[in-house]
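Input: a single structure, listed below in structure tokens.
Please treat every number below as a calculation from the coordinates, not as lab data. Quantities reported herein were computed from a predicted structural model and do not represent experimental measurements. Cβ: placed from backbone, ideal geometry, glycine included. Neighbour counts: every protein chain shown.
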Amino acid sequence: MIDSRKLNADSRKSTMRKIVHIDMDAFYASVEQRDDVQLRGKPVIVAWDGIRPVVCAASYEARPFGVRSAMPLSRARRLCPKAVIVRPDFQRYQEASKAARGIFAQYTDLIEPLSLDEAYLDVTENKPGLPTATRVAIAIRKQIKEELNLTASAGVAPNKFLAKIASDWRKPDGLFVITPENVATFLPPLAVGRLPGVGKVTEETLRRLGIRTVGELQTWDVTTLENQFGRYGTRLYELARGIDESRVVSHRATQSISAETTFEHDIPLSQTEPAIRRLAESIWSASRKESRVARTVVLKLRTSEFHILTRSHTPPFPPSSCDELINIALSLRERVDLSPQQLYRLVGVGLSNFRDQPI
């Protein structure tokens, strides 16, 4: 019997869009090096001060030493003792991000930011009337370098999934193009871990099934993958064939903003205050660029046993200052009723329940 789902998946071709994924290179560290000539050419680590901080960003001079974002700063210092540690300045990063998006808008209105330093652009039709998406990507990267004195890598492909993979292919300051004709030869050698949603657990499950590359995944039919992975099995089947119908969604309303940090060593709740303060400062700064206001403050904790706890509070009026946000986040700790001896490996602070500001 012919599996109609397989037949439909095989016969359906991804809508022929032209997608560009722009990824600013080592963004926070690059802004610091741009604005301070003494940092140029040196290994720079952007990180908060305080107890057990983690790396927010590392310049490309620091990366050969093994320094990566989200790494405990203590380890980064050991790997790169001569690194210059810089406290993050999110206001300047937001200003640079806004300027980059202003450049994107000169080419298309279909812009989907993923973070301050990356975005999808649908340039199936572009404002200057350039003949190809590759020409658009070249022009954007040139303009970013000339006007912002920053570099960006770009990926060009017929869909979002492939464009994001492509932008990482020749970093930093690179451009890589996956044409529709090249999809069939580009995908099979890739490790399955490059597919969206394939984390360490799923990759290990696939490895136990004898699947290490996308080409090996292509030999599995959709029914077998669904039986093994549920609904995500269908997604795996499609991604392995370069199918991704998701559109570039512009003007998506923010639902939440959050930041979290993992401690180098598990600590008791009483020692989390410095981290909570730093995280609250970070998300307060990020929330200032939103036109809407957040009503709910969220505290997230992960115990040493990997159990996740969340506590939230929605005050009568949205937090009006960073200090007020910090006080609410700290007060949420008092609603954690576990033993004082309980240890925690992660803490996070978030703002959610965004609403339009009253007129």
For L343, residues with placed amide H under 5 Å, excluding near neighbours: S304
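Cα convex hull of segment 188-239: how many Å³ per residue?
Values: hull volume 3.3 nm³, N = 52.
Value for segment 188-239: 64 Å³ per residue.
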Top of R77, R345, R207 by mean-square fluctuation, Gaussian network on the chain, Cα under 10 Å: R207
Just to confirm my numbers, what's the Cα centroid distance between segment 122-176 and segment 271-347 in Å? 37
Under a Cβ-Cβ cut-off of 12 Å, what is the net charge of the residues other than P268 that fall near it, where Lys and Arg count +1 and Asp and Glu count -1? 0
Running a GNM on the chain with Cα contacts under 10 Å, which residue among L279, L187, L225 ends up with the highest mean-square fluctuation? L225
Considering the chain as a Gaussian network with a 10 Å cut-off on Cα pairs, which listed residue, F104, F317, F176, attains the greatest mean-square fluctuation? F317
For Cα Rg over 2.2 N^0.38 Å, with candidates (1) 1.03; (2) 1.09; (3) 1.25, the value calculated from the shown model is option (2)
Mean Cα-pair separation over length for the chain, i.e. relative contact order, pairs under 8 Å, 6 or more apart, %: 16
Rounded to the nearest Å, what's the spacing between the alpha carbon centres of segment 30-97 and segment 180-198? Just the number, please. 31
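Under the definition of Cα pairs under 8 Å and six or more residues apart, what whole-number percent is the relative contact order of segment 256-355? Before the final figure, lay out each step's value.
Numbers: 188 pairs, mean separation 49.3, N = 100.
Result for segment 256-355 is 49 percent.
Sort 68-75, 36-43, 291-298 by packing, meaning the average of other beta carbons within 10 Å per residue, with the highest value first.
On the way: 68-75: 15.8, 36-43: 13.4, 291-298: 18.6.
Peptide ranking by packing, descending: 291-298, 68-75, 36-43.
Taking only C-alpha pairs under 8 Å that are 6+ residues apart, what is the relative contact order of segment 80-163 in percent?
On the way: 66 pairs, mean separation 17.0, N = 84.
The normalised contact order for segment 80-163 reaches 20 percent.
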Using the Kirkwood formula on alpha carbons, the hydrodynamic radius of segment 94-141 in angstrom works out to 10.9
Whole-angstrom Cα spans of segment 285-359 along principal axes, big to small: 47, 19, 18
So who's got an amide H within less than 5 Å of the one on V44, skipping anything under 5 residues away but keeping other chains? H placed 1.01 Å off N, in plane. S59, E61, A62, V84
